Amino acid sequence: MGLRALARPQVTHSSLVIAGADAACRRRLRQSLGAENHARRVFDVAAQPDLERHVAALLPAVVLFDLGTAPNEDALEIVSALSALATTIVLAENDDDALAIQALKAGASGFCSRDTATALIRKAVQLVEAGEIWVGRRVMLSLIEELATLRAPDADDVSGGARMTSREREVAGQVARGASNKQIAHQLSISIKTVKTHLTNIFKKLGLSTRLQLALALGRPPGSQPKVR
């Protein structure tokens, strides 16, 4: 089935899945990332028609999805499907700003080139798992420019926003401004667990799955701006 695992024998929610058509790229990432973090189980999943089903069975916390050298027209649909299963970072042949923005809008939480140093990819995995966004400076600037042309609606203007509670609207506004879960918890004097519960409800009501999508829906640039270089 194209699955290989490292480290502990049982699957946990902290596992990392590397998916894509390029076996050499998957093997390189699996070996380097697996060797550097023995506490996390790393899986290698070959691209296939039922890719999402195989990935879902592994219960990953993060998915690294390699678009390869020439992504086809179905690539963004796959990104969307994988992002619904777990936090997803997209790897591409080049730092293509337009493709990066499309991937982020499809639900990805990160985007970087395939030749990015392993240490940076490991850092990207840690950050997106913590709820941050990992993109290059040019991509973030392009997003900000795009958002600057949009009206900044209130959360109630977004489909489903009217069903949110006042607290959920507060949390949504904080997320759209780039606040982390810890910062929101401190600002609103609630627990991080409560913040996560509110976010789950917000995403469900608005039909969204990522913090970036929420920022885009509210017409505000996300404040988290980690970059590849």
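The values are calculated or read from the model by the stated rules, or taken from the named source; none is laboratory data. Bear in mind that the values here come from a model prediction, so they are computed numbers and not experimental data. Note that we place each Cβ from the backbone using ideal geometry, even for glycine, and neighbour counts take in every protein chain shown. Ligands, DNA and RNA are excluded from the accessible area calculation, which covers all protein heavy atoms including side chains. Shrake-Rupley method; radii C 1.70, N 1.55, O 1.52, S 1.80 Å.
Annotations for the structure displayed:
- For A57, the criteria (1) among the hydrophobic types (A, V, I, L, M, F, W, C); (2) under 23 Å from I101 (Cα atoms); (3) over 15 Å from the mean Cα position of the chain (by Cα) hold in every case but one, which is (2).
- Unmet requirement for L33, which otherwise passes all of (1) part of a helix (DSSP H, G or I); (2) in contact with a Lys or Arg (Cβ under 9 Å, 6 or more places away or on another chain); (3) at pLDDT 90 or above: (3)
- In the stretch 161-183, residue nearest to the chain's Cα centre (by Cα) [restricted to those that are among the aliphatic types (A, V, I, L, M) and not in a helix (DSSP H, G or I)]: A179
- Hits in the stretch 69-97 - residues which are more than 24 Å from G131 (Cβ to Cβ) and either in contact with a helix residue (DSSP H, G or I) (Cβ under 8 Å, 6 or more places away or on another chain) or aromatic (F, W, Y) (or both): P71
- Any chance V90 is modelled with pLDDT of 85 or more, open to solvent by less than 20 Å² (accessible area, probe 1.4 Å) and assigned to a helix (DSSP H, G or I): no
- Qualifying positions in the stretch 124-137 - assigned to a helix (DSSP H, G or I) and either in contact with a Pro (Cβ under 7 Å, 6 or more places away or on another chain) or surrounded by 15 or more Cβ atoms within 10 Å (Cβ to Cβ) (or both): A124, V125, L127, V128, E129
- V55 being open to solvent by less than 50 Å² (accessible area, probe 1.4 Å), assigned to a helix (DSSP H, G or I) and more than 13 Å from S14 (Cβ to Cβ): yes
- Verdict on S109 being modelled with pLDDT of 80 or more and among the hydroxyl-bearing types (S, T, Y): yes
- Whenever a residue of the stretch 184-197 is in a helix (DSSP H, G or I), its partners that are open to solvent by 70 Å² or more (accessible area, probe 1.4 Å) and of a type outside the set (G, A, S), lying with C-beta atoms within less than 8 angstrom and at least six residues away or across chains, give the pairs A185/I192; L188/R167; L188/E170; I192/K182.
- The stretch 72-87: number of residues that are crowded, with 16+ Cβ neighbours inside 10 Å and either of a type in the set (A, V, I, L, M) or not in a helix (DSSP H, G or I) (or both): 9
- Single condition T69 does not satisfy, out of (1) surrounded by fewer than 21 Cβ atoms within 10 Å (Cβ to Cβ); (2) part of a helix (DSSP H, G or I); (3) hydroxyl-bearing (S, T, Y): (2)
- Top-ranked residue in the stretch 197-229 [being loosely packed, with under 15 Cβ neighbours inside 10 Å and either of a type in the set (A, V, I, L, M) or at pLDDT 85 or above (or both); ranked as farthest from the chain's Cα centre (by Cα)]: T197
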